[in-house]
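The values are calculated or read from the model by the stated rules, or taken from the named source; none is laboratory data. Given the structure is predicted, the values throughout are model-derived calculations rather than measurements. Positions of Cβ are generated from backbone atoms using ideal geometry, with glycine treated the same way; all protein chains shown enter the neighbour counts. Side chains are part of the model used for accessible areas, which takes the heavy atoms of the whole protein and leaves out ligands, DNA and RNA. Shrake-Rupley method; radii C 1.70, N 1.55, O 1.52, S 1.80 Å.
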Amino acid sequence: MSAERKIESQVSTMMAKELNGGSRGLHYEESLLWEKERSDHSGVDFPQVKNFKNRTGQTERGDIGLPQVSEPQVVRHFVRLSTLNYSIDSGFFPLGSCTMKHNPRLNERMARLPGFAHVHPLQPQQTIQGALRVMHDLQHWLATLTGLPGVCLSPAAGAHGELAGVMTIRRAHEQKGNAHKTVMLIPDSAHGTNPATAAMCGYTIRVIPTKETGRMSVEAFKEALGDGHDVAGMMVTNPNTCGLFEREIVEIADLLHKAGAYFYCDGANFNALVGRVRPADFGVDVMHINLHKTFSTPHGGGGPGSGPICVTNELAPYMPVPTVVKQGETYVLETEDMRPTTLGRLKGFHGQFGMHIRALAYMMSHGGDGLRQVSEDAVLNANYILSQLKDVYNVPFDGPCMHECLLTEKVQKEKGVSTLDIAKALVEYGFHPMTVYFPLVVQGAMLIEPTETESKDSLDRFIGVMRHIADMVETGQGDELHEYPRSTPRRRLDEVKAARFPKLRWTKE
Amino acid sequence: MRYLPQTQNARKAILDAIGVASVDDLFVDVPAKARMKGTIDLPPHMGELAVERALSAYANQNHAAGAGPFFLGAGCYYHHVPASVDYIIQRSEFLTAYTPYQPEIAQGTLTAIFEFQTFIAQLTGQDIANASMYDGATSCTEAALMAMRLTGRGRVIVGNDLHPHYWDVLKSGVRGCEQKTFKTIKDDEADVACIIVQCPDFLGQPVQYAEWRALCDALGAKLVVVINEIVSLGLLPAPSMADIVCGEAQSIGLAMGFGGPHLGFFACRTEYVRQMPGRLVGETVDADGKRAFVLTLNTREQHIRREKATSNICTNQGLCALAFTVHMGLLGEGGFKQLARINHERAGMLADALAKVPGVKVVNDTFFNEFVVELSKPSASVVDQLAAKGIIAGFALDGNRLLVAATEMTEASDIDAFCNALTEVLK
């Protein structure tokens, strides 16, 4: 090999190496922590232990196999990973039923105040009056907004709130000698967590079919209720998962109550009602509130959330502990000794207190007047999207929607383009997709929830892209959509391989 | 109303485009009975400064751990979190991202969860771990339910001193659970799905796993180990002979935060994966053959199996798991072990100093970072008296017993102040 060729080859090897651990433009390729060059010290400096004596009664642990890198390497690693994510701060998330709205940073600052961040849940109560007051105030706001006076803040997420709510119903029936009530009524459009929760609580599920209007009808409900003797309750999302308010809900609730059953409302869609409609006024006995959705906590790539429950005075004795009560001028935690009818404790300590602060900060910022505007703008925005897309996408149900609108793939499917293709095309055009294939009651569902924190301009851009995709399908360019996304850090993934040959952790090759 | 971008003009234009006269026309489906009349009885909106002032006033009514000597543990620990952790988790792309259901634009979150799963599996000596649970107490309950599914059996035995909250949550969620001691469990008891053992137990005593393993084998039951101070795994042997290891990881990356959000973890043997609750991230490739990560084995989950799902959980503690992963990345093998040694050393210093205080007897023979002392006076009133002096003394157990903890935050001067105040109070 000539000297010239040799140098050329060395350079290209170097470039190849560079590419391997480098980037193309700003698309980073990032290795795992275990694959990085091992440093001889870690990213945290500790003092030496002076007179170490092992008093554990056991031999000291050997090699664990953890990586070891310095602070700059760790910071760069996670910053590079962060750039591979889409987030609400970078763009629009029209996720139906998920309520992805702007996350005020004030809430983050408040949760990090040392007086909140560095207090222990088991400190003497005279040293935590401020924290208990936050919980008490939040209970008051939630009770006022739902019309349901009993509030327990402890559930850790929406699904955990469902569990707390259904267990409260079960506990009430047990205490009242209604052991024969073993059935939970659930519409077929429900969130998957509803039947899973009812089953966890030992209930048999009886399904209420959705009518061609996208709603429950009194007739369908009556049929499922039967004589009501064995029915413990009904779990309903209202507005429902088709984005529609259940028109006949008041009559349905009355019939349910006459049968001695309780009405559980899944609070995932409370953003459509907050400040404008109190669930107690359409007959709800117990509901959970997703604080992270309606009252904004950043989703954090999966959590944490917080799912308090609100209940009627009748059910309040049975809900979980603890709750905060005021005795004179002192706030105290109401525990099992003080309320023996309770179903008990469902989470360690007092719930996701950090989310309680965030929710309260958000509520105070909006006030009663602002929260009413929240539901109005959320409903306005969803109906705007519906009105601008209904001529190019199939709309399965008539009438104004609430805070989310439902479209289906029907028109595009005839030309070989599915909901999944449309979702991936949105990704290619810089949007997070809507909720897809849910609710299950319509084929190829696309559930779109803009929330109140999108401007008209932002909605117009989304509508423009959705119309462009429909136009591509209409003009015979649908095949191209199967290839999308193209410009993302990764293209479509082999999900079958991931499930068939599960590799759930890094191991040494 | 600074969080609402719509202008009055835009609202008007939208109403026109929809073809309705007012927003009320969009609420026509809501029965009149359910529409709120007049204004809601809540305060009007406040500016940012006003909210900050109001909430800061609340925060200032609390006694924060940094304000004085602090010895309370009992399942929630006061540790130092490096500055980088909070900066990373506050990056918008992590903080405000959704659950990674669209993997092409969520590789950052997915990769971090895969790393979290690896860290937990390594620390617990188990094959695999999930993407996290609400907290240690709920994770423990899910472990019991999973053992019941695996064995088809209906009883759960708690074998040693389990955190009282974990026990309460277990009682609420699992029918057929009972508390027994090692001596009272007969090796011919039938229908036992699992024995739950906490290490160190609630009173701070580390546990030898071998005898528990043998007992579970004799019963045909699963061994569930609960860890609620994860730092202990840097010094104590890994519970690798357990079937399921679950617990609380708040100590790494998270503030105490008055009890939440914390970080439950859940690890087990590979063969149990399909009965495991919670989310899982797996490795695969994309259409170009590049390594990528994706949520996997979703067929166990509620959005597909509905009433037959392994649990109703549809979330994880995403951001908390990220904080843990960043902190573990910073600690690494050397740092994590050193942290455990420092915690143990400080607890040893505390035990030696307390043993010299008149009216105090150290109960534990062995401990990691927490132990019980017997006082000459009822512990509840001692705790209150010390709180009035600005010292958070520990967790008052029944009678005269007090549970105390030390961490890397515990300085020699804190221990001196504690011992002096205790001497006075016990006089």
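Below are the figures for this structure:
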{"quantity": "FRET efficiency, 1/(1 + (r/R0)^6) with R0 51 Å, evaluated for B:Arg305 and B:Ala13 via beta carbons", "calculated": "0.70"}
{"quantity": "Inter-chain shielding of A:244-251 (mean C-beta neighbours from other protein chains, 10 Å cut-off)", "calculated": "3"}
{"quantity": "Spin-label zone in region A:216-251 - amide nitrogen under 11 Å from a point set 7 Å from the Cα of B:Lys33 along the C-beta vector", "calculated": "A:248-251"}
{"quantity": "Neighbourhood charge, 13 Å Cβ-Cβ cut-off, centred on A:Arg492 and excluding it, Lys, Arg +1 and Asp, Glu -1", "calculated": "-2"}
{"quantity": "Accessible surface of B:Glu408 - all protein chains present, 1.4 Å probe, nearest 10 Å²", "calculated": "30"}
{"quantity": "For the protein assembly as shown, with +1 on Lys and Arg beta carbons and -1 on Asp and Glu, the positive-most of A:Leu493, A:Phe431, B:Pro358 along the dipole", "calculated": "B:Pro358"}
{"quantity": "Top positive-direction residue, dipole computed over region A:107-365 with Cβ charges, set A:Asn290, A:Val231, A:His136", "calculated": "A:His136"}
{"quantity": "Virtual spin-label span in nm between A:Gln175 and A:Thr475, 7 Å along Cα→Cβ", "calculated": "6.6"}
{"quantity": "Integer Hz, Karplus 6.51/-1.76/1.60 couplings in order for region B:192-198, x for Gly and Pro", "calculated": "8, 6, 7, 10, 9, 10, 9"}
{"quantity": "Taking region A:107-365 and dividing mean pair separation by its residue count, relative contact order in percent (alpha carbons under 8 Å, at least six apart)", "calculated": "30"}
{"quantity": "Cβ charges +1 (Lys, Arg) and -1 (Asp, Glu), total dipole of the protein assembly as shown, debye", "calculated": "740"}
{"quantity": "Theoretical FRET efficiency, 1/(1+(r/R0)^6), r = Cβ-Cβ of B:Glu211 and A:Ile64, R0 22 Å, to 0.05", "calculated": "0.35"}
{"quantity": "Overall form of chain A per C-alpha gyration tensor (a/c, 1.5; a/b vs b/c)", "calculated": "oblate"}
{"quantity": "By accessible area with a 1.4 Å probe, ligands and nucleic acids excluded, highest first: order of A:His136, B:His262", "calculated": "A:His136, B:His262"}
{"quantity": "Theoretical ellipticity at 222 nm over the protein assembly as shown - DSSP helices of four or more residues, -39500 (n - 2.57) apiece, nearest 500", "calculated": "-11500 deg cm²/dmol"}
{"quantity": "Formal net charge of residues neighbouring A:Ser97 (Cβ-Cβ distance under 14 Å; K, R +1; D, E -1)", "calculated": "-2"}
{"quantity": "Shielding by other protein chains, A:423-435, mean Cβ within 10 Å", "calculated": "2"}
{"quantity": "Accessible area of A:Glu483 in the full protein assembly, 1.4 Å probe (Å², nearest 10)", "calculated": "90"}
{"quantity": "Label-to-label distance, nm, for residues given as B:Glu424 and B:Arg175 (7 Å Cα→Cβ offset)", "calculated": "5.5"}
{"quantity": "Exposure rank, largest accessible area first [A:Ser458, A:Ser31; 1.4 Å]", "calculated": "A:Ser31, A:Ser458"}
{"quantity": "Spin-label model distance (nm) - B:Arg149 vs A:Lys497, 7 Å beyond Cα toward Cβ", "calculated": "2.8"}
{"quantity": "Kyte-Doolittle at least 0.5, axis length at least 24 Å by Cα - qualifying DSSP helices, chain B", "calculated": "B:107-124, B:318-355"}
{"quantity": "Net +/- balance of residues flanking A:Val411 in space, Cβ distance below 15 Å, scoring K and R +1, D and E -1", "calculated": "-1"}
{"quantity": "Computed FRET value (nearest 0.05) for A:Arg486 with A:Lys508, which takes r as the C-beta separation and R₀ as 25 Å", "calculated": "0.15"}
{"quantity": "Within straight-line cross-link reach of B:Lys389, lysines at Cα separation under 19 Å, skipping those fewer than 8 residues along the same chain", "calculated": "B:Lys377, B:Lys427"}
{"quantity": "Three-way shape label, region A:45-162, alpha-carbon gyration tensor, a/c 1.5", "calculated": "oblate"}
{"quantity": "Residue among B:Leu330, B:Leu319, B:Leu49 with the largest mean-square fluctuation in a Gaussian network model of chain B, springs linking Cα atoms under 10 Å", "calculated": "B:Leu49"}
{"quantity": "Averaged over A:130-136, number of beta-carbon atoms from partner chains that fall within 10 Å", "calculated": "5"}
{"quantity": "For B:Gln179, residues with placed amide H under 5 Å, excluding near neighbours", "calculated": "B:Val158"}
{"quantity": "Protection-proxy order for peptides B:22-29, A:353-360, A:182-189, each taking the mean of Cβ atoms within 10 Å per residue, highest first", "calculated": "A:353-360, A:182-189, B:22-29"}
{"quantity": "Among B:Gly204, B:Gly282, B:Gly264: highest mean-square fluctuation, GNM of chain B, C-alpha pairs under 10 Å", "calculated": "B:Gly282"}
{"quantity": "Square roots of 5 times each gyration tensor eigenvalue, C-alpha, chain B, largest first, Å", "calculated": "41, 32, 23"}
{"quantity": "Relative contact order for chain A, counting Cα pairs under 8 Å that sit 6 or more residues apart, in percent", "calculated": "18"}
{"quantity": "Fraction of antiparallel bridges per DSSP, chain A only, in percent to nearest 5", "calculated": "55"}
{"quantity": "Gaussian network model of chain B, springs between alpha carbon atoms under 10 Å - residue of B:Tyr78, B:Tyr87, B:Tyr58 with greatest fluctuation", "calculated": "B:Tyr58"}
{"quantity": "Antiparallel DSSP beta bridges within region A:224-359, percent to nearest 5", "calculated": "50"}
{"quantity": "Carbon + sulfur, % of accessible area of region A:107-365 - ligands and nucleic acids excluded, 1.4 Å", "calculated": "50"}
{"quantity": "Gain in span if fully extended, A:Arg38 to A:Asn54, counting 0.36 nm per residue against the direct Cα distance", "calculated": "2.9 nm"}
{"quantity": "J(HN,Hα) series, region A:237-247, from Karplus relation 6.51 cos²θ - 1.76 cosθ + 1.60, nearest Hz, glycine and proline x", "calculated": "9, 9, x, 7, 6, 8, x, 10, 7, 6, 4"}
{"quantity": "Highest-first arrangement of B:134-140, B:219-225, A:368-374, where packing means the average Cβ count within 10 Å", "calculated": "B:134-140, B:219-225, A:368-374"}
{"quantity": "Charge dipole magnitude, Cβ of K and R +1, D and E -1 - chain A, Cα centre, debye nearest 20", "calculated": "1540"}
{"quantity": "With DNA, RNA and ligands ignored, accessible area of A:Arg55 (1.4 Å probe; Å², nearest 10)", "calculated": "50"}
{"quantity": "Counting DSSP beta bridges with both ends in the protein assembly as shown, the antiparallel % (nearest 5)", "calculated": "60"}
{"quantity": "Region B:83-328 - Kirkwood radius from inverse mean 1/r over Cα pairs (Å)", "calculated": "18.4"}
{"quantity": "For A:Arg345, distant residues with modelled amide H under 5 Å away", "calculated": "A:Val321, B:Ser172"}
{"quantity": "Furthest towards positive pole of dipole, B:Pro82, B:Gly152, B:Ala137, structure part region B:72-178, Cβ charges", "calculated": "B:Gly152"}
{"quantity": "Å³ per residue enclosed by the Cα convex hull of region A:107-365", "calculated": "123"}
{"quantity": "Karplus 3J(HN,Hα) series, Hz, for region B:267-275 with 6.51 cos²θ - 1.76 cosθ + 1.60 (x for Gly, Pro)", "calculated": "10, 7, 7, 3, 5, 8, 4, 6, 9"}
{"quantity": "Of A:Lys258/B:Lys37; A:Lys508/B:Lys337; A:Lys176/A:Lys211; A:Lys101/B:Lys37; A:Lys211/B:Lys308; A:Lys101/A:Lys424, pairs whose Cα-Cα distance is over 30 Å", "calculated": "A:Lys176/A:Lys211"}
{"quantity": "Whole-number percent relative contact order across region A:340-411, with pairs defined as alpha carbons under 8 Å at least 6 apart", "calculated": "25"}
{"quantity": "Calculated log₁₀ intensity ratio I(q)/I(0) where the Debye formula runs over C-alpha points of region A:129-189, q = 0.19, 0.20, 0.24 Å⁻¹", "calculated": "-0.90, -0.95, -1.09"}
{"quantity": "Chain A - Cys residues lacking any other Cys C-beta under 4.7 Å", "calculated": "A:Cys98, A:Cys152, A:Cys201, A:Cys242, A:Cys265, A:Cys310"}
{"quantity": "Scattering curve values for the protein assembly as shown, log₁₀ I(q)/I(0), Debye with Cα scatterers, q = 0.06 Å⁻¹", "calculated": "-0.41"}
